[in-house]
Amino acid sequence: MARAAANQDRDEAARSHYIYVQHARVASRKGKTLMCEELTDMRISPTPKGSHQQLLKLDGRVLDKHKYVPYNTLLSDKDNPDTAPNAPAPDAHDSITIEVGGLDRGLVEDMRNGLTNDKDADSKDGIAADLFPLTTKKQSDYAFHLIGRERLNDRDVFHIAFGPKDQKDYGWKGDAWIDVTAYEPVVVSTTMNRKLPFAVRTLMGTNLPGLGFTVVYAPQADGVWFPTSFSTEFKIHVLFFFNREITIDAKNHDFEKTHVTAEILGADTE
């Protein structure tokens, strides 16, 4: 696992040279009823601290009075159009306000941002850095157990179970399948190590049963391993009366390695 962590550290640095597109579907359901759904295409580009998302396309719909109202801009863009300068111009459908499905629409947007848009952390993956415990910085807090060797995604892998060394910790536990040759994660699947404390659930009226995620990795042409998909499905209970099931499915594609072109100009050139 120390070798896998070293490879992850190296790959995280290498990912800072990639631009790619992330297609994401985020949905909010109340029971069997779809309350809100957004399909977005974001161009992910590296920044000194993390990554930047540029909205390329958004197809959304939100339930209002037994019918679905479409929209094509983010709530955050209404107050600050500069957050997505190349986003589609609002159409007539975007007169929708916070009173019209705003809770679900805001929840969907916040969940996507919180789990895929890690602006302030050192993550170039299009996935929040705190969700991945296998880097050198994170590994010291975890215990690992070898379950055996398996075959997964056409690769020979080690099946590793992991969890916090401190069983009272609210970190992640789960399984990692590590390529036996490259010592890179092929799939990582997690869930919360512990439920939220009863006092928090009672006083705050909030619970997140089933919170966890699955990430699939694959190598690029130059050997750098990159997350190609991220998915999660969980329920959220807030203030005793707001119950939703959230699903997120994101896929990264169209990877392009960045480059810089320099041109030396003569002294007489403007």
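The values are calculated or read from the model by the stated rules, or taken from the named source; none is laboratory data. Because the structure is predicted, anything quoted here is derived from the model rather than measured. Here the Cβ is made from the backbone with ideal geometry for all residues, glycine too, and neighbour counts use every protein chain on show.
Some values worked out for this structure:
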read-out: Selection status of VAL224, at pLDDT below 65 and among the β-branched types (Val, Ile, Thr); value: no
read-out: Whichever residue in region 13-35 is hydrophobic (A, V, I, L, M, F, W, C) and part of a strand (DSSP E or B) and, among such residues, is nearest to the chain's Cα centre (by Cα); value: ALA24
read-out: Top-ranked residue of region 131-152 - restricted to ones that are within 21 Å of the chain's Cα centre (by Cα) and either polar (S, T, N, Q) or modelled with pLDDT of 90 or more (or both), ranked as surrounded by the fewest Cβ atoms within 10 Å (Cβ to Cβ); value: THR136
read-out: Flag for LEU74 being modelled with pLDDT of 85 or more, of a type outside the set (Lys, Arg) and over 15 Å from ARG105 (Cα atoms); value: no
read-out: All positions within region 20-41 that are in contact with a Leu (Cβ under 6 Å, 6 or more places away or on another chain) and more than 16 Å from THR232 (Cα to Cα); value: MET35, THR40, ASP41
read-out: Residue within region 91-100 that is at pLDDT below 90 and assigned to a strand (DSSP E or B) present; value: no
read-out: Within region 36-63, considering residues that are among the small types (Gly, Ala, Ser) and not in a loop (DSSP other than H, G, I, E, B), the one modelled with the highest pLDDT; value: GLY60
read-out: Residue match in region 120-128 (condition: in a loop (DSSP other than H, G, I, E, B) and at pLDDT 90 or above); value: no
read-out: Subset tally (residues that are on the phi > 0 side of the Ramachandran plot and either modelled with pLDDT of 85 or more or exposed (fewer than 10 other Cβ atoms within 10 Å of the Cβ) (or both)) for region 227-270; value: 2
read-out: The one condition in (1) part of a loop (DSSP other than H, G, I, E, B); (2) at pLDDT below 60 that THR202 fails to fulfil; value: (1)
read-out: Residues satisfying the stated conditions in region 158-175, i.e. under 24 Å from the mean Cα position of the chain (by Cα) and either assigned to a strand (DSSP E or B) or loosely packed, with under 14 Cβ neighbours inside 10 Å (or both); value: HIS159, ILE160, ALA161, PHE162, GLY163, PRO164, TYR170, TRP172, LYS173, GLY174, ASP175
